[in-house]
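Below is one structure, written out as structure tokens; comments come after it.
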Amino acid sequence: MAKKQASGKQSRSGTAIRNPQSAIRNSSALVAILMGSKSDWDTMRHADQTLTDFGVPHECHVMSAHRTPALAAEFSASAESRGLEVIIAAAGGAAHLAGVIAAHTLLPVLGVPMKSEALNGLDSLLSTVQMPGGIPVGTLAIGKAGALNASLLAIAILANSRPQLRAKLRAFREQQEMKVREAVLD
Ligand code: RP5
């Protein structure tokens with residue numbers, strides 16, 4: 001992303017590394033957010049923001065199953081040894097990114113189908129969700145809701161072994177419930 005380059009030296013909790021060349025990586029990252037194109041960032045920034053809000057160290061990269069196949073394979077094959085625990089992979093159209101990433105790692109991979117111009121995301125959804133048996137991709141909803149839920153699901157996975165994160169997730173749910181209960185229609 002052109003957005004925030006090379007805050008790469010920072011490694012405090014919650015720091016997001018966004019890096020166009022994927023050369024700079026966050027040594028403390030637990031979650032990686034990958035997207036097939038910079039054009040996916042407007043959607044995937046919601047996942048980035050949620051992980052930041054929860055203080056989860058993470059990194060964000062553009063890489064493509066089609067346009068940068070070697071980078072996608074190298075990234076996913078080395079992800080576990082770098083300490084990553086969950087990978088979120090977003091792509092649109094013939095959306096193979098999550099499946100390709102999942103093929104190279106044992107880490108849980110959460111797929112987010114992007115809204116596409118031609119088919120409004122139905123193509124992305126089907127090509128992400130319809131993995132043949134043996135290589136799972138946990139597929140979320142199309143677009144913004146999927147981006148948000150992928151980050152919340154990543155947090156829930158991490159929270160299984162992190163009580164403080166679990167408490168934050170519980171508080172988030174309680175606040176969300178409160179907002180609905182207290183909604184006033186004008
Ligand atoms: C996919 O193709 C990307 O994930 C994106 O959603 C879609 C279109 O990419 P651009 O042509 O906008 O780069 O690889």
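The values are calculated or read from the model by the stated rules, or taken from the named source; none is laboratory data. Just so you know, these numbers come straight off a predicted model, no measurement behind them. Here the Cβ is made from the backbone with ideal geometry for all residues, glycine too, and neighbour counts use every protein chain on show. Note: areas computed on protein heavy atoms with side chains; ligands, DNA, RNA excluded. Shrake-Rupley method; radii C 1.70, N 1.55, O 1.52, S 1.80 Å.
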* Asked: Can you tell me which residues in region 139-151 are open to solvent by less than 30 Å² (accessible area, probe 1.4 Å) and not in a loop (DSSP other than H, G, I, E, B)?
  -> Gly146, Ala147, Ala150, Ser151
* To do: Inspect region 65-84 for any residue being under 16 Å from Leu140 (Cβ atoms) and open to solvent by 20 Å² or more (accessible area, probe 1.4 Å) and give the result as yes or no.
  => no
* Asked: Which of the residues spanning region 68-87 are of a type in the set (Val, Ile, Thr), outside any loop (DSSP other than H, G, I, E, B) and free of Cβ contacts under 8 Å to residues at least 60 places away in the same chain?
  -> Ile87
* To do: Within region 175-186, count every residue that is over 20 Å from Ala47 (Cβ atoms) and surrounded by 10 or more Cβ atoms within 10 Å (Cβ to Cβ).
  => 2
* **Number of the condition not met by Asp123 [criteria: (1) of a type in the set (D, E, K, R); (2) more than 20 Å from Asp42 (Cβ to Cβ); (3) not in a loop (DSSP other than H, G, I, E, B)]** => (2)
* To do: Scan region 43-54 and give yes if some residue there is crowded, with 17+ Cβ neighbours inside 10 Å and in a strand (DSSP E or B), otherwise no.
  => no
* For region 91-114, enumerate the residues that are more than 8 Å from the ligand (Cβ to nearest atom) and closer than 16 Å to Lys144 by Cβ. => Leu110, Gly111, Val112, Pro113
* Asked: Taking interchain pairs and intrachain pairs at least six residues apart, which have beta carbon atoms under 8 angstrom, with the first residue in region 108-129 and closer than 9 Å to Ala95 by Cα and of a type in the set (D, E, K, R) and the second outside any helix (DSSP H, G or I) and open to solvent by less than 50 Å² (accessible area, probe 1.4 Å)?
  -> Asp123/Gly92; Asp123/Gly93; Asp123/Ala95; Asp123/Ser116
